Amino acid sequence: MSARIRVLVVDDTALYRKILSEAVAQVPDAELVGAAASGALALKRLGQGDVDLVLLDVVMPDMDGVQTLAQIRRDWPHVSVALVSGVTGRDADVTLAALSNGALDFIPKPQAASFAEGMQRIIVDLRRVLQVIIIRRLAVAGPAAVPAGATSSAGGPATVAPSPHRLGRSMLPPPIGLILIGVSTGGPKALHEVIPQLPPHLSVPVLIVQHMPAMFTRSLAEQIARVSKVPVREAADGERLPPGHVLIAPGGRHLTVRRSDDGRSLCAAITDSAPVHSCRPSVDVMFDSVVQSGYTGGVAVVILTGMGEDGALGTAALKARGRTWCIAQDQASCVVYGMPEAIARRHLADEVLPLAAIGPRLASLPFARTP
């Protein structure tokens with residue numbers, strides 16, 4: 001296996017093929033092996049082998065990104081695919097559909113003031129995608145499979161994380177009044193599996209932070225809502241947390257929780273405060289706000305697939321507050337075992353479950369009155 005990640009660029013626009021190719025050339029862990037102007041040409045090049053990652057334009061004539069992705073997943077399942085997407089509503093819809101059907105991640109086409117700034121943003125996003133592939137290689141094949149100096153999702157030297165397990169704790173979850181979910185890389189697919197399994201009679205609010213820029217979370221909410229038994233939408237500033245509804249943090253903004261003016265319920269608050277862990281929205285910001293709100297009811301925390309440690313400190317704060325039950329996704333079912341690993345490493349999880357079991361487990365929890 002090549003130490004460097006071999007990248008195929010696919011875009012019907014010559015300018016973006018050039019930009020993406022130059023970005024790949026500037027990242028030491030990557031090696032450009034070709035550029036294709038269409039999905040059909042990309043599939044032909046994949047037939048020649050020696051490709052680890054496809055940077056795939058979302059909107060193309062004849063074969064769009066979703067159609068091309070479907071054939072790649074069928075014929076070359078070992079090849080990772082990252083979507084390169086514009087920020088229009090149509091692009092966001094197609095991107096989210098692709099992420100829910102096997103794409104690893106996506107890189108937004110930059111809306112930058114200069115070519116240099118746009119290039120730098122693409123390089124940062126490309127490095128993030130490559131880091132996910134490096135971590136997954138390491139988990140499968142050990143340290144020899146990754147470039148020298150690669151780091152783990154937590155930012156330190158890369159190591160193989162131990163396999164998590166179901167914890168044999170005797171304690172039972174408290175009556176739950178609020179469900180909080182944090183997720184990053186691999187999140188759209190994970191949420192499409194978890195949220196549709198929530199029952200129509202769910203009596204408590206569900207708040208989600210998915211690391212994602214603006215525009216995309218609205219499409220994500222709309223797509224999940226179509227296949228769910230409960231309402232799903234982006235959170236709105238100032239709204240009271242509605243029982244039985246799923247609210248997703250708007251892309252690029254923090255979702256926090258505060259007491260209503262009469263003190264009788266919890267409300268959503270949308271803020272533009274500084275990123276935390278380079279993330280906005282941030283899981284830790286949402287979790288910390290629940291603690292700061294003074295809410296004393298039972299909370300179910302769910303940490304799903306994602307790179308980094310966002311959510312770990314907030315979970316620790318909620319656990320210190322008490323009446324908090326934490327479920328972490330297991331390593332085997334994660335796209336990247338970073339955020340759940342940070343929970344497991346700190347011994348914060350009450351249960352470590354495969355993705356397929358998390359929705360039914362949430363549905364089985366004891367529920368209290370809404371906050």
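Scanning segment 113-164 for residues that are at pLDDT below 50 and either of a type in the set (D, E, K, R) or under 18 Å from the mean Cα position of the chain (by Cα) (or both) turns up 152, 153, 154, 155.
Regarding segment 297-311, can at least one residue be identified that is part of a helix (DSSP H, G or I), in the same structural domain as residue 196 (by TED's automatic domain parsing) and within 27 Å of residue 199 (Cβ to Cβ)? No, segment 297-311 has no match at all. Applying a threshold of 7 Å to beta carbon distances and a minimum spacing of six or more residues, or different chains, the list of pairs starting in segment 121-139 at a residue that is on the phi > 0 side of the Ramachandran plot and ending at one that is at pLDDT below 90 is empty. The conditions of being outside any loop (DSSP other than H, G, I, E, B) and more than 17 Å from the chain's Cα centre (by Cα) are not met by residue 332. All of (1) surrounded by 23 or more Cβ atoms within 10 Å (Cβ to Cβ); (2) part of a strand (DSSP E or B) hold for residue 315 with one exception: (2).
Residue-wise test of (1) within 22 Å of residue 99 (Cβ to Cβ); (2) among the β-branched types (Val, Ile, Thr); (3) assigned to a helix (DSSP H, G or I).
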position	(1), (2), (3)
251	yes, no, no
256	no, yes, no
269	no, no, no
274	no, no, no
287	no, no, yes
290	no, yes, yes
319	no, no, yes
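When residue 318 is tested against (1) closer than 19 Å to residue 212 by Cβ; (2) touching a strand residue (DSSP E or B) at 6+ places or on another chain (Cβ under 7 Å), only condition (1) is not met. One residue stands out among those in segment 201-232 that are modelled with pLDDT of 95 or more and basic (Lys, Arg): the one that is farthest from residue 253 (Cα to Cα), which is 229.
If we keep just the residues of segment 256-284 that are under 19 Å from residue 240 (Cα atoms) and hydroxyl-bearing (Ser, Thr, Tyr), which is surrounded by the most Cβ atoms within 10 Å (Cβ to Cβ)? The extreme case among them is 256. Of the set (1) closer than 18 Å to residue 198 by Cβ; (2) free of Cβ contacts under 8 Å to residues at least 24 places away in the same chain, all apply to residue 261 but (1). Taken together, 29, 75, 50, 57 contain a single residue that is under 25 Å from residue 335 (Cβ atoms), loosely packed, with under 14 Cβ neighbours inside 10 Å and touching a residue at least 40 places away in the same chain (Cβ under 8 Å), which is 50. Consider segment 60-72 and keep the residues that are closer than 20 Å to residue 21 by Cβ and in contact (Cβ under 8 Å) with a residue 40 or more places away in the chain. The one that is nearest to the chain's Cα centre (by Cα) is 68. Only one of the numbered conditions (1) assigned to a strand (DSSP E or B); (2) over 17 Å from the mean Cα position of the chain (by Cα) is not met by residue 172, and that is (1). Going by what's in this entry, would residue 294 be described as more than 26 Å from residue 239 (Cα to Cα) and of a type in the set (Gly, Ala, Ser)? No: the conditions fail for residue 294. Scanning segment 182-200 for residues that are within 12 Å of the chain's Cα centre (by Cα), β-branched (Val, Ile, Thr) and modelled with pLDDT of 95 or more yields a count of 1. Pairs are defined by a Cβ separation below 6 Å, a sequence spacing of at least 6 or placement on different chains, a first member in segment 170-190 that is in contact (Cβ under 8 Å) with a residue 24 or more places away in the chain and farther than 14 Å from residue 328 by Cβ, and a second member that is among the charged types (D, E, K, R) and not in a strand (DSSP E or B); the pairs so defined are 174/323.
The values are calculated or read from the model by the stated rules, or taken from the named source; none is laboratory data. Predicted model only: the values in this text are computed from it and were never measured. All Cβ positions, glycine included, derive from the backbone under ideal geometry; neighbour counts span all protein chains shown.
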